[in-house]
Amino acid sequence: MIQTDILIIGAGPTGLFTVFEAGLLKLRCHLIDALPQPGGQCSEIYPKKPIYDIPAYPEILAGDLTKNLMEQIKQFEPGFTLGERADTIEKQDDGTFIVTTNKGTKHQAPVVAIAGGLGSFEPRKPIIPNIIDFEDKGVEYMIKEPELYRDKDVVIAGGGDSALDWSIFLTDIAKSVTLIHRRNEFRGALDSVEKVQELKNLGKINLITPAEVKAVLGKEHVTGVVVEETGKEPFIIDTDHFIPLFGLAPKLGPIANWGLEIEKNAIKVNNALDYQTNVEGIYAIGDVNTYPGKLKLILCGFHEATLMCQSAYKRIHPDKKYVMKYTTVGGVDGFDGTRKEAPKAVVKAIQ
Ligand SMILES: Cc1cc2nc3c(=O)[nH]c(=O)nc-3n(C[C@H](O)[C@H](O)[C@H](O)COP(=O)(O)OP(=O)(O)OC[C@H]3O[C@@H](n4cnc5c(N)ncnc54)[C@H](O)[C@@H]3O)c2cc1C
């Protein structure tokens with residue numbers, strides 16, 4: 001059982017910044033995310049797009065914002081359960097919550113902060129009747145650990161950036177890489193398309209278009225796929241892995257059944273106070289919540305996370321009084337023993 005002070009569901013910008021604000025209050029955090037990497041929409045949907053409305057950054061790439069947030073919270077040593085979806089929540093007699101993921105990982109905390117954004121990103125699955133029988137037995141819808149494919153035969157399907165980029169990346173790791181797409185044209189970045197063509201010419205990628213995988217073969221594990229290429233008889237490709245990368249769609253998912261008040265697919269919170277839901281101890285911050293005047297913006301998520309942590313502190317330490325200090329005055333004590341001192345001149349000026 002993973003135990004922490006604040007269990008954060010969602011490692012998007014809001015969830016990540018919560019770790020910093022909680023860290024200032026000496027509260028430890030653990031994050032769960034259905035995606036294999038942190039950053040939420042910023043890393044999954046638009047990592048290369050510039051954002052212009054993050055205060056004090058005239059322009060920052062969404063991917064760099066995630067990188068900076070990870071750097072900023074490193075000192076507070078957050079735990080991560082990535083690639084797993086938070087499925088159920090149970091309140092215990094001592095007031096804590098146990099959250100269990102779809103992979104059975106259990107987490108316990110006195111405070112749960114739902115920072116689930118638009119919901120957990122679920123893979124779009126191809127319509128292949130028996131594919132479900134091979135999930136985690138050679139069929140994967142996202143790549144979490146590239147080493148899994150070392151010296152293996154791999155078939156990837158899809159026409160976007162993920163399919164192209166992973167096909168390129170895996171040529172250095174896998175025994176063979178086959179990329180199958182139902183059209184001749186790809187949707188991904190032009191330089192990735194050109195790189196795939198180049199690797200095809202070098203015999204490092206087996207590119208089959210226009211074609212579709214129609215069946216998965218195997219008993220305990222995938223051993224092959226049946227491919228239909230336009231104008232040809234169906235044929236079999238022997239493979240250890242079949243990875244359809246058809247994109248991810250967000251869904252509020254299981255959180256919708258946690259007994260929380262929901263309005264228009266978002267969780268209602270008390271915005272006059274602390275972003276708590278109708279269940280004491282469960283907060284909702286960032287894109288996932290709703291209240292009068294709500295704006296789904298990153299800076300609003302940061303603000304909500306800050307206020308929420310103050311309330312969480314009072315719940316966790318009802319007998320302690322917390323006096324807010326500017327970081328310029330109090331500095332920052334990381335859990336890893338690091339200390340960022342407040343500059344003496346600033347301290348003096350404020351005193
Ligand atoms: C193309 C685009 C451009 C944008 N441009 C801007 C901009 O310029 N400025 C701006 O301020 N905002 C912008 N936004 C909006 C901004 O990205 C969001 O406001 C922000 O990402 C919200 O952060 P969040 O952490 O609340 O949620 P998200 O970023 O959505 O992260 C939520 C995370 O929670 C996870 N999750 C959800 N449910 C579960 C579960 N049950 N179990 C495990 N994990 C779960 C998801 O997998 C996800 O990773 C843009 C959005 C898009 C799509």
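Table for the structure above
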| item | result |
| --- | --- |
| Loop-resident sites, region 1-98, for chymotrypsin sites (Phe, Trp or Tyr not before Pro), counting at most 10 other Cβ within 10 Å (DSSP) | 52 |
| Separation of alpha-carbon centers, region 91-105 and region 1-36, rounded to whole Å | 15 Å |
| Highest-MSF residue in the chain out of 222, 329, 139 [GNM, Cα springs under 10 Å] | 329 |
| Charged-residue dipole, Cβ positions (Lys, Arg, Asp, Glu), region 260-351 about Cα centre, Debye nearest 20 | 380 debye |
| Residues whose placed amide H lies under 5 Å from that of residue 206, excluding near-sequence neighbours | 177, 178, 179 |
| Long-range amide H partners of residue 51 with built H, under 5 Å | 60, 61, 62 |
| Å² of accessible area per residue within region 125-246, as computed with a 1.4 Å probe and no ligands counted | 54 Å² |
| Theoretical FRET efficiency, 1/(1+(r/R0)^6), r = Cβ-Cβ of residue 271 and residue 314, R0 25 Å, to 0.05 | 0.90 |
| Under 11 Å, Cβ to Cβ, from residue 219 - net charge with Lys/Arg +1 and Asp/Glu -1 | -1 |
| Gyration tensor (alpha-carbon) shape descriptor, the chain, a/c threshold 1.5 | prolate |
| Shape category assigned to region 125-246 from the gyration tensor of Cα positions, a/c cut at 1.5 | oblate |
| Span-like helix ranges in the chain, DSSP H, alpha carbon extent 18 angstrom or more, Kyte mean at least -0.5 | 298-316 |
| Unit charges on C-beta of K, R, D, E only; dipole of the chain, Debye | 900 debye |
| Unit charges at the beta carbon, dipole of the chain: most positive-side option, 306, 211, 115 | 306 |
| FRET efficiency estimate (nearest 0.05) - Cβ-Cβ, residue 184 to residue 132, R0 30 angstrom | 0.55 |
| Neighbour net charge for residue 11 - beta-carbon separation under 12 angstrom, K R +1, D E -1 | -3 |
| Value of [θ]222 nm, deg cm²/dmol, for the chain, DSSP H segments ≥ 4, -39500 (n - 2.57) each, nearest 500 | -7000 deg cm²/dmol |
| Within a Gaussian network of the chain (alpha carbon springs, distance under 10 Å), most fluctuating of 64, 161, 336 | 336 |
| Surface share of carbon and sulfur [accessible, 1.4 angstrom probe, percent] for the chain | 52 percent |
| Average Cα contact separation per residue, region 207-351, under 8 Å, 6 or more apart, as relative contact order % | 10 percent |
| Distance violations [Cα-Cα > 26 Å] among 106/264; 152/219; 48/264; 268/314; 195/251 | 106/264; 48/264; 195/251 |
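The values are calculated or read from the model by the stated rules, or taken from the named source; none is laboratory data. The shown structure was predicted, so the numbers you read here are calculated from the model rather than taken from an experiment. With ideal geometry, Cβ positions are generated from the backbone for all residues, glycine too; neighbour counts draw on all protein chains shown. Side chains are part of the model used for accessible areas, which takes the heavy atoms of the whole protein and leaves out ligands, DNA and RNA. Shrake-Rupley method; radii C 1.70, N 1.55, O 1.52, S 1.80 Å.
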